[in-house]
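Working notes, beginning with the structure itself.
The values are calculated or read from the model by the stated rules, or taken from the named source; none is laboratory data. Since we're looking at a predicted model, the values are computed, not measured. Note that we place each Cβ from the backbone using ideal geometry, even for glycine, and neighbour counts take in every protein chain shown. Ligands, DNA and RNA are stripped out before the accessible areas are found, and what is left, the full protein with its side chains, is counted by its heavy atoms. Shrake-Rupley method; radii C 1.70, N 1.55, O 1.52, S 1.80 Å.
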Amino acid sequence: MKKDKDFIDGLIGRMTLSEKIGQLNLVTPGGETLTGTVVNTDVADKIRTGRIGGIFGVKSAEAVRVFQDLAQKTRLKIPLMFAEDVIHGQKTIFPLPLALAASWNMDLVRATARVAAQEAASIGIDQVYSPMVDVCRDPRWGRIAESPGEDPFLASRFAEAMVEGYQGTDLSRPDAVMACLKHFCGYGGGMGGRDYDAVDLSPTTLHDVILPPFVAGMRAGAGSIMASFNTLNGVPMHANRTVITELFRKRLGYDGLVVADYTGILELIAHGIASDRADAARLGLSAGVDMDMVSETYLETLEDSVKTGLIGEDEITAACRRVLDAKLKLGLFDDPYHRLDWGRAAQPILTAGNRQLAREAVAAATVVLKNEGNLLPLPAPDSGRIGGIALVGPFALDRVNMNGTWAVAGSPSTVVPIADGLREAVGNAVSVTTAKGANIVDETWLATRLNVHDWKDLSVVIDVRSPEAMIAEAVAAATAADVTVAVVGEAREYSGESSSRTDLSIPEPQKKLLRALKATGKPLVVVVLTGRPLALAEETLLADALLIAWFGGTEIGHGLADVLFGKAEPSGRLPATFPYCVGQVPVTYAHRPTGRPTPGRFQKFTSGYVDLPDEVAQNDGLYPFGFGLGYGNVAYGPPRANRTKLTGDDRLEVTLTVTNLGDRPTSETVQLYIGDPVASVSRPVKELKAFRKVALAARATEAVNFVITADDLDFSVAETVADLRRRSESGAFDIHIGPNSRDTQAVRVTWDEPQSRGKQS
Ligand code: BGC
């Protein structure tokens, strides 16, 4: 008979205090990729003595089995729960989360998470530390690479899709893994874009921008969340009882597990709110953090704290129950080995199907920013219209960088490099000449930092040749070719954790290369690999075609070749604004109006920058949120509302047509934003409320229909972080529709006493 809640009650009744505390201890035995300076020791001995509840970072089925066997020899045989940082794939690496969000294709996102779940489960992983749903508007923060970008609506849809993909419909199935929404919460708003830094957020921003993806993920059934490293308005999240327990658990109804982040409990001392390890543990547990990751302060101090009356045993029991509940949901009490056994039979790793999905994901995530004279797609290799391609740049032959940050189990050896993908696509019909052209960066100290996670192959190798010699080789290749494809950008660890930047430019040696390539006069396609929005003003001028390919993972070579030759439509749209320059950040399309709005160019005594040229949109960045070109040529008809005066719980229907004026099929992402021009508080100028991916045949017209309810109009009026009040107000609303957040057409309606259901998202 399947174990149930009664079984857990009985088990808890038999547990000693120290066994309960053992369940709260979450450790890593160490390995190749660590994200802190501390690792746990004596892991095997601690399992034998019931002092570990969960392990993360175990890299093989064999090791999982060895640890689980030890747990099965303990008095109560409580199974261990295994977790891993499966962020954008386990072995088949998909494009970065930011890139997957750029697909605006939630079926695809869900499918990638399903594959990742199966691959991870097959080596015995029960829980993945994903999805990361921190909304971020400051691309200096390197972890924007792991996030769905700047918008709470897009991030919410992303959160749901990822959770559904990981968990499937039944978490107890051997191929399902528990999702972990992270980092709860506010982590993307650190001062100066610095990782781990303090976050100050108004209660309304917390409720309207930061919490929605967590709420959406919770409603999709996420079994766990992870506390974030930052302080929120002065209170470190690992000690933030108000937000974790009072707000998320009690008011919003979250009933899953809360895990700490790496040494996050111990860091309460450094934050200046705990006097010692015991104090830190007490604060963390009382805040509602059930499992202490790596720091072992719970293990070392909680028993004494109960004895001295600092905390009650009931708090420990409650946390322990949540750990056991998670294990119950995962089917571990019925069979602690069921994922391993299923995996051995199913062998789902790096299958042809998984690779095919990864390949499709590359095109879906690629964002075309410029395509002068329809340079792309390139002529078919066998058309006779193209004889030679110069493939240049430090990433042309690269495998190590392609998986991007946070691909801890992904291997460079399984990557299809860009040169291989291109050569396979052209066969013998076209010659492909490669040249490195430039180092990723020239500074050895910076290279050392960027190679932090590399132990076999380095991601940044500084060439023995001079920069001039490398450029000369690339220029010679370009001169001899019909078209140059330059692949430039960041090293994989230039974004990610602890990789904040003060500059958002492509590194200077690569810029020099692009300038030299431009001077050849040959058509220039610039492919940018990046984990964050970059400032690409100069590249926009230099390139004839400019593409953001992010870090595309295992199948980057095939996927990019599909895009370049038009076998697949690049259908990505920016999930975050690309700024004009670093000084513009934080930047978002969804900013509030100011009393002195910019007229679009600099004007004294209006909001903007005195040192930005006139042709630059002052406050909107260079490429707006939602921007991206397809290979089609799509025209938007005017949006039409079925009524312009609404009341109460009326439904508004807005319809428009989109027409593909081009001769090839395309995919359009139709975006709907709402603006609330007069309200009791100043509201963002536009907020994304719906979008649709529309497949358009050549020369075809499709009608697109959106339904808007009063729920789409409400906003937070919170005065404290725990205040859940929302309000819908009577008045005018502008319904903007367009291909991105900037180029929209609007229809105005008035809505009298809109009655929202008071949802929180
Ligand atoms: C990161 C988390 C990650 C954890 C475990 C931390 O440094 O912030 O996102 O899940 O390490 O590796």
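A few points about this structure:
- Failed item, numbered, when V685 is tested on (1) farther than 21 Å from D650 by Cβ; (2) outside any loop (DSSP other than H, G, I, E, B): (2)
- Within segment 194-208, the set of residues being open to solvent by less than 20 Å² (accessible area, probe 1.4 Å) and away from the ligand (no atom under 15 Å from the Cβ) comprises L206, H207.
- Number of positions in segment 167-189 that are within 14 Å of the ligand (Cβ to nearest atom) and assigned to a helix (DSSP H, G or I): 2
- The listed residue being without any contact (Cβ under 8 Å) to a residue 12 or more places away in the chain and surrounded by 16 or more Cβ atoms within 10 Å (Cβ to Cβ), out of G557, G608, G632, G572: G608
- Matching entry among T242, T308 (being β-branched (V, I, T), in contact (Cβ under 8 Å) with a residue 60 or more places away in the chain, surrounded by fewer than 18 Cβ atoms within 10 Å (Cβ to Cβ) and away from the ligand (no atom under 16 Å from the Cβ)): T242
- Top-ranked residue in segment 404-417 [being over 19 Å from L357 (Cβ atoms) and outside any loop (DSSP other than H, G, I, E, B); ranked as farthest from the ligand (Cβ to nearest atom)]: S413
- The lone exception for Y673 - which of (1) assigned to a loop (DSSP other than H, G, I, E, B); (2) touching a residue at least 60 places away in the same chain (Cβ under 8 Å); (3) among the aromatic types (F, W, Y) it fails: (1)
- Pairs meeting the criteria (first residue in segment 250-262 and among the charged types (D, E, K, R), second residue open to solvent by 10 Å² or more (accessible area, probe 1.4 Å), beta carbons under 8 Å, at least 6 apart or on different chains) are R251/A722; R251/L724; D255/R249; D261/F229.
- Count of residues meeting criterion [of a type in the set (D, E), in a helix (DSSP H, G or I), away from the ligand (no atom under 14 Å from the Cβ) and buried (at least 24 other Cβ atoms within 10 Å of the Cβ)] in segment 120-162: 0
- Selection from segment 163-183 of residues that are open to solvent by less than 10 Å² (accessible area, probe 1.4 Å) and more than 13 Å from S224 (Cα to Cα): G165, A176
- Pairs where the first residue, in segment 497-514, is over 27 Å from M191 (Cβ atoms) and the second is more than 16 Å from the ligand (Cβ to nearest atom) and not aliphatic (A, V, I, L, M), C-beta under 6 Å, 6+ apart: P509/N439; P509/D442; P509/P467; L513/G437
- Set D6, D45: member being at pLDDT below 95 and part of a helix (DSSP H, G or I): D45
- Some residue of segment 643-657 being open to solvent by 30 Å² or more (accessible area, probe 1.4 Å), assigned to a loop (DSSP other than H, G, I, E, B) and within 25 Å of S103 (Cβ to Cβ): no
- So K59, is it touching a residue at least 24 places away in the same chain (Cβ under 8 Å), of a type in the set (K, R), within 16 Å of the ligand (Cβ to nearest atom) and open to solvent by 10 Å² or more (accessible area, probe 1.4 Å): yes
- Exactly one residue out of S498, S505 is within 16 Å of the ligand (Cβ to nearest atom) and surrounded by fewer than 20 Cβ atoms within 10 Å (Cβ to Cβ), and it is S498.
- Subset of segment 452-494 (residues that are open to solvent by less than 10 Å² (accessible area, probe 1.4 Å) and among the polar types (S, T, N, Q)): S459, T484
- Filter result for L96 (touching a residue at least 12 places away in the same chain (Cβ under 8 Å) and within 16 Å of the ligand (Cβ to nearest atom)): yes
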